[in-house]
1. Do the alpha carbons of any pairs in K118/K148; K58/K133; K173/K199; K74/K290; K74/K116 sit beyond 26 Å of each other, and which pairs?
2. Give a quick list of chymotrypsin sites (Phe, Trp or Tyr not before Pro) in the stretch 97-192 that DSSP marks as loop, anything other than H, G, I, E or B, with at most 13 other Cβ atoms within 10 Å.
Amino acid sequence: MTKEYIILIILIIGLSTYVGLKKDDQVHYELPTIPQVDTTRIDRVEISKADRLVILNKGEKGKGEKGWTVTDKKFPANLDEIELILGTLKKINLSALVSEAKDLVRYELDDANAVKVKALAGKEVVRSFVIGKTAPSYNHTFIYLDNKDQIVYQANGNFKSQFDKAAADFRDKKVLGFDPDSIKKITLEKQGKTVTLVKAPAPEKPDQEKDEAKKDLTAEKTVPKATVWKNKEGSVADQKAISDLLSSLSELECQAFMDDDKAARLKGIQPSCKILLKNDKTFILNLFNKNEDQDVEGSCSYTPYAFTLTSYKAEDIVSYMDKLIGIKQQDSTESGNE
């Protein structure tokens, strides 16, 4: 029995030694720690892919930390897109070393597919790396740091789509914005018809109800006075149609912006319909015909750039106009046809 124990102990020691030696034979590596960047210092981001170069600049003027523009024409940038990019630039965490063999094509880190990113603060490069394809997990992205070794790492997060865009995709596509409650006057023009709508105080309550309401003067002061939309004859207009119209226009985003030559053509064309909105400012929205892509062309005093709206978005706006002007619904598509 003692002999069997001795043999068992020898086997355990032998196996332990083998496992220990096996571990020592394995390749060990330490992932580099990428320092965090103070993104408030970043004033320029250069994003390149093949023959495409997108430059984002943080101007000195703008709203808050905004002032971000796209290309040398300084088109206003979409601030939501900028925030995503700055968030990714701030901190990059590596989760695995993937390849030291410069196998760039496999991970779409070759010159034809890679997205190269460089962030600067003044003339100082504060972040530089190259983005390849998204990992099969969809929770990681293959990258290599901007060095000669081109070692491929797996970084936490799925962020290639944030950077892999043309300049037009970074532009702020908002072409009209206002608080719907602030609008006091609306003028609609279409097919030779014009309707003007004005916000007016709602009809007063009967005397007895008014007396009860005045019991608490303090409370009454905090409640906004009720209003109603009326036409120039004093008749109450379709309140829901007006509400729908203002809602559709209050945060209006275009499909795309038009090239300068196409935009210049609109200056000599009468719009199919026109909307004037007035609060402390006056906004003028013009809608023209559909283009070859069946998007509706437009211009607005809110932005200096002519644009296109998707047909469904333009048709919604026009349908509300038709209700308020008194144009039959079957005629509503005429404004979008050549």
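1. Among K118/K148; K58/K133; K173/K199; K74/K290; K74/K116, the Cα-Cα distance tops 26 Å for K58/K133; K173/K199; K74/K290.
2. Y138
Bear in mind that the values in this text are calculations on the coordinates, not laboratory data. Since this is a predicted model, take the numbers as computed values, not measurements. Don't worry about glycine lacking a Cβ; one is built from the backbone with ideal geometry, like all the others, and counts go over all protein chains shown.
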